[in-house]
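The values are calculated or read from the model by the stated rules, or taken from the named source; none is laboratory data. A quick note: this is a predicted structure, and the numbers were derived from the prediction, not measured. Positions of Cβ are backbone-derived with ideal geometry, glycine not excepted, and every protein chain shown enters the neighbour counts. Areas reflect the complete protein model, heavy atoms only, side chains present, ligands, DNA and RNA absent. Shrake-Rupley method; radii C 1.70, N 1.55, O 1.52, S 1.80 Å.
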Amino acid sequence: MVELLPSILSADFARLAEGVAAAERGGGTVIHVDVMDGHFVPNITLGPPVVKSLRRVTKLPLDCHLMIENADEFIPAFAEAGANWIGVHYEACVHLHRTIEHIREHGMEPGVVLNPATRVDLLYDVLPMLHHVLIMSVNPGFGGQKFIPFSLEKIRRLRELRAERNLGFRIEVDGGVAHDTVAAVVEAGAELLVAGSAVFDGGQPERKARQLLEAARSAELAAAH
Ligand code: DX5
Ligand code: ZN
């Protein structure tokens, strides 16, 4: 079943607890946390201390999307802070296999994230090790960007690879997921839908989360028939 992962990047950082609670009431089942270092991406956000604070205000799994260099160095700190899922970028990890093992050894669920220009097939060998694969449908760094349409083809390809080999990883999509794109990403095969601006921009996050999730669920039902 399709799930909504509200991205707190677009929430008010001075009122994160309220934002998370509203998104949760609206049906969000995992909280997506965007970690940026100003090197891998041209923006800086937050790190383990904020994850630790979030851990105190929600029981939902925390999905940490690391847009950082040297991810290995920070994995223990995220584990200690209470992160549940860790997604690292293919483009930022030279020894990806080792990094994935490192995440598991620290008791968290490993995922790999692909930039729009990175081919899905490059993950072929590590797919059996993964809890999730995150397809970026914008270039990482900022909320509120426009959805890149060829991401749909990548989601379909990933679904195909999973079916061919009977694997269990989940398919996540991040960037530009909103009312005008949600049906297409669900039809293509995405199950974990990250949404930042579509939930938090302009207020009423609870209502917006609920509406987006409803649209996603109807697309899922339609695709099943
Ligand atoms: C972008 C982040 C996203 C961001 C998505 O680098 O990875 O999680 O919050 O924002 P929207 O949903 O507004 O495209
Ligand atoms: Zn993200």
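So which helices (runs of 4 or more DSSP H) are wholly in the range 151-225 and hold at least 3 residues that are more than 16 Å from ligand 1 (Cβ to nearest atom), among the small types (G, A, S) and more than 24 Å from I31 (Cβ to Cβ)?
205-224
Of (1) without any contact (Cβ under 8 Å) to a residue 40 or more places away in the chain; (2) open to solvent by 10 Å² or more (accessible area, probe 1.4 Å), A188 satisfies all except one. Which?
(2)
Residue by residue through the range 165-174, note down the ones that are open to solvent by 10 Å² or more (accessible area, probe 1.4 Å) and either out of contact with any His (no Cβ under 9 Å at 6 or more places or on another chain) or of a type in the set (V, I, T) (or both).
Residues satisfying the conditions are R165, N166, L167.
Being within 16 Å of ligand 1 (Cβ to nearest atom), part of a loop (DSSP other than H, G, I, E, B) and surrounded by 18 or more Cβ atoms within 10 Å (Cβ to Cβ) is the requirement here; does F147 meet it?
The answer is yes for F147.
Conditions tested, residue by residue: (1) within 16 Å of ligand 1 (Cβ to nearest atom); (2) within 26 Å of T181 (Cβ to Cβ).
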site	(1), (2)
G28	yes, yes
D37	yes, no
V51	yes, no
C64	yes, yes
A81	no, no
E101	no, no
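Which residue, of L161, L127, L122, is modelled with pLDDT of 95 or more, aliphatic (A, V, I, L, M) and open to solvent by 60 Å² or more (accessible area, probe 1.4 Å)?
L122
Can you tell me how many residues in the range 1-46 are among the polar types (S, T, N, Q) and farther than 20 Å from M67 by Cα?
Residues in the range 1-46 being among the polar types (S, T, N, Q) and farther than 20 Å from M67 by Cα: 1 in total.
Which one of the conditions (1) acidic (D, E); (2) within 27 Å of E18 (Cα to Cα); (3) open to solvent by 40 Å² or more (accessible area, probe 1.4 Å) does E220 fail to meet, given that it meets all the rest?
(2)
So which of E206, E214 is open to solvent by 30 Å² or more (accessible area, probe 1.4 Å) and in contact with a helix residue (DSSP H, G or I) (Cβ under 7 Å, 6 or more places away or on another chain)?
That would be E206, the only listed residue that is open to solvent by 30 Å² or more (accessible area, probe 1.4 Å) and in contact with a helix residue (DSSP H, G or I) (Cβ under 7 Å, 6 or more places away or on another chain).
Answer with yes or no whether G202 is within 19 Å of P128 (Cβ to Cβ) and either away from ligand 2 (no atom under 16 Å from the Cβ) or touching a residue at least 24 places away in the same chain (Cβ under 8 Å) (or both).
Against the criterion (within 19 Å of P128 (Cβ to Cβ) and either away from ligand 2 (no atom under 16 Å from the Cβ) or touching a residue at least 24 places away in the same chain (Cβ under 8 Å) (or both)), G202 does not qualify.
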